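To keep things clear, I will list the structure first and then write my remarks on it.
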Amino acid sequence: MDYKKVHCTEYHVARLTRRRKVIATARNTIGTRSRGSGWDDQSLHAERAVVKALGDISQLRGCTLEVIRLNKKNQVRNSQPCHSCETFLHKCMRDYGLRKVLYSSDNEDENVRTIMA
């Protein structure tokens, strides 16, 4: 997937892995109500998009979610979740068995942060 062609300045890409195998990938997109972004937002964040791409939410059990944000120069940036996504991911962990969530960081000392485990 060529992420450079789909968004103008920042690229959030998410992937779900289980036992070191990638089972779903997605990116942030401009959403519509029918694509799951609801009434209040027009963007479908990568965290929600990858769960939607998975199809069956019961497949989240034992998975790790990894989210990375890149700018136009392919530099890694902080991709900490917004409040809505954080709430959604806590529910996925509590109710559906999502094991861990990792986010990229623009801090030079750490490239990846574990936000939730």
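The values are calculated or read from the model by the stated rules, or taken from the named source; none is laboratory data. These numbers come from a predicted model, not from an experiment. So basically every Cβ, Gly included, is an ideal-geometry build from the backbone, and we count neighbours across all protein chains shown.
Restricting attention to region 78-87, the residues that are surrounded by 16 or more Cβ atoms within 10 Å (Cβ to Cβ) and not small (Gly, Ala, Ser) total 2.
ALA14 - would you say it is surrounded by fewer than 17 Cβ atoms within 10 Å (Cβ to Cβ), of a type in the set (A, V, I, L, M), within 12 Å of the chain's Cα centre (by Cα) and modelled with pLDDT of 90 or more?
Values: surrounded by fewer than 17 Cβ atoms within 10 Å (Cβ to Cβ): no; of a type in the set (A, V, I, L, M): yes; within 12 Å of the chain's Cα centre (by Cα): yes; modelled with pLDDT of 90 or more: yes.
Answer is no for this residue.
Of all the numbered requirements in (1) surrounded by fewer than 14 Cβ atoms within 10 Å (Cβ to Cβ); (2) modelled with pLDDT under 90; (3) part of a loop (DSSP other than H, G, I, E, B), THR114 misses one, and that requirement is (3).
Could you please find all residues in region 26-63 being modelled with pLDDT of 65 or more and small (Gly, Ala, Ser)?
If we filter region 26-63 for residues that are modelled with pLDDT of 65 or more, which is where we start, we get 26-30, 42-63.
Within region 26-63, ALA26, SER43, ALA46, ALA49, ALA53, GLY55, SER58, GLY62 meet the criteria.
Here ASN71 meets each of (1) surrounded by fewer than 13 Cβ atoms within 10 Å (Cβ to Cβ); (2) under 13 Å from LEU16 (Cβ atoms); (3) of a type outside the set (Val, Ile, Thr) with one exception, condition (2).
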